[in-house]
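> Mind having a look at this structure? Questions to follow.
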Amino acid sequence: MTTDKILIQQLKEEFFNKYSKKYKLLSNDALGEGCYACVFKGFDIDRNINVAIKIFFDGIAPKGSERGWHITSSIIHNQIAPTSTIESFYSEVLSKNCKAVVQRFIPGKTLKSILKKFDELEKNENYQDVLNDFGLSYFESLLNVLNFCHSQNIGHGDCHDGNIMIFPEQHPSKNSFHVVLIDFDNSSIKETLNAKSEKEKIESDIGLLKYFFNKTFCDWKYYEAVKIMLDSYDKMKELKFCYSIISNYIESCIKGNKTESDAKKTLHKLPHPFMGFHIPPTIKCLQKVAEIEGVSSSFEKALKDYRKVISNQENWKHEITIETIKGEVTDIYRKLFDD
């Protein structure tokens, strides 16, 4: 056993001895280990829930961790693992006051562990079905949470495969997978920060999203179609919106609904041409899906009809509206929520 592992075992014992009436250790084996800490599965006795308890090798979190704690303590979102509390304890081994981070336990697997098992599935006859399920749920779920973060001007900054948790979610008619992001703090505690500003963290998120899509879905039947999207858009809101259109058409095709009429339904989900979204790359993605499915002819007919519709300004004359919020109503809500 390495010095770090011996030390972390001693720190773990000191923590659980101090908080024996508050937390119960559920496994001596670490859930995960990083450069700075180990995470153990525990049980919060008062709240009757499982928790993940992070104990640091040096006893205290590296500089910069406060950013991650603030994000995961103040932002409420079902795809961000919240920090419950920070517990302090004195370590006889290190002769100093130490801290441990208690977070919600996420009952899933990391993308990293999933990818290792994907390699074993390549020759399985159901491999494409698995990629379909993950492509139409996991990837869309990842886009959703990253888009939320970026809309709040927050980047994860270290969105690697060990910080993306995946677990199955209940759905009546299909296999579906949900993403939860963990360890925002790790994106701020590198010895050399690669992403110092939120802008740089956001850019890092997008780069890692594209990297892990290529790594995860390179064998997917629809990989080339989605790759066009990833090569064309550089903002998460654009990627999320484009993928919602592409995935809708892919799912339609998988179900056997790939006629000209079906293509028209998808095309008419595209935004109004005056709304500022750059449509051509999305159409190229859809054309590639149609090519993969061998229905290019019917898709092009639908596309021709769509272009005819949007080129006629009469079709848009009564559909552009500018909605305003009544100031009087806003004042009511402000009074309701003001301290």
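> Show the residue pairs meeting these rules: Cβ distance below 6 Å; 6+ apart or different chains; first residue within the range 74-103 and under 16 Å from K41 (Cβ atoms); second residue assigned to a loop (DSSP other than H, G, I, E, B).
That search, which allows pairs on different chains as well, returns A81/I106; A81/I182; Q103/A81.
> Can you tell me which of K199, K265, K221, K215 is closer than 30 Å to E125 by Cα and at pLDDT below 95?
The conditions single out K215.
> Right, here's the next one. Answer yes or no as to whether S65 is outside the structural domain of S141 (by TED's automatic domain parsing), under 24 Å from I164 (Cα atoms) and either of a type in the set (S, T, N, Q) or under 20 Å from the mean Cα position of the chain (by Cα) (or both).
So S65 passes the test.
> Report yes if some residue within the range 53-63 is surrounded by 19 or more Cβ atoms within 10 Å (Cβ to Cβ), out of contact with any Phe, Trp or Tyr (no Cβ under 6 Å at 6 or more places or on another chain) and in contact (Cβ under 8 Å) with a residue 60 or more places away in the chain; otherwise report no.
Yes, there is a match, as at least one residue in the range 53-63 is surrounded by 19 or more Cβ atoms within 10 Å (Cβ to Cβ), out of contact with any Phe, Trp or Tyr (no Cβ under 6 Å at 6 or more places or on another chain) and in contact (Cβ under 8 Å) with a residue 60 or more places away in the chain.
> Please give the number of the condition I80 fails out of (1) surrounded by 19 or more Cβ atoms within 10 Å (Cβ to Cβ); (2) farther than 18 Å from C159 by Cβ.
If we test I80 against (1) surrounded by 19 or more Cβ atoms within 10 Å (Cβ to Cβ); (2) farther than 18 Å from C159 by Cβ, just (2) comes out false.
> Looking at G135, G157, which is the one that is on the phi > 0 side of the Ramachandran plot and out of contact with any strand residue (DSSP E or B) (no Cβ under 9 Å at 6 or more places or on another chain)?
Just one listed residue meets the conditions, G157.
> Output the residues belonging to the range 244-262 that are within 24 Å of Y138 (Cα to Cα) and assigned to a helix (DSSP H, G or I).
S244, I245, I246, S247, N248, Y249, I250, E251, S252, C253, I254
> Consider V289 carefully, then state whether it is assigned to a helix (DSSP H, G or I), among the aliphatic types (A, V, I, L, M), modelled with pLDDT under 95 and surrounded by 12 or more Cβ atoms within 10 Å (Cβ to Cβ).
No: the conditions fail for V289.
The values are calculated or read from the model by the stated rules, or taken from the named source; none is laboratory data. What you are looking at is a predicted structure, and each value in this text was computed from that prediction instead of being measured. All Cβ positions, glycine included, derive from the backbone under ideal geometry; neighbour counts span all protein chains shown.
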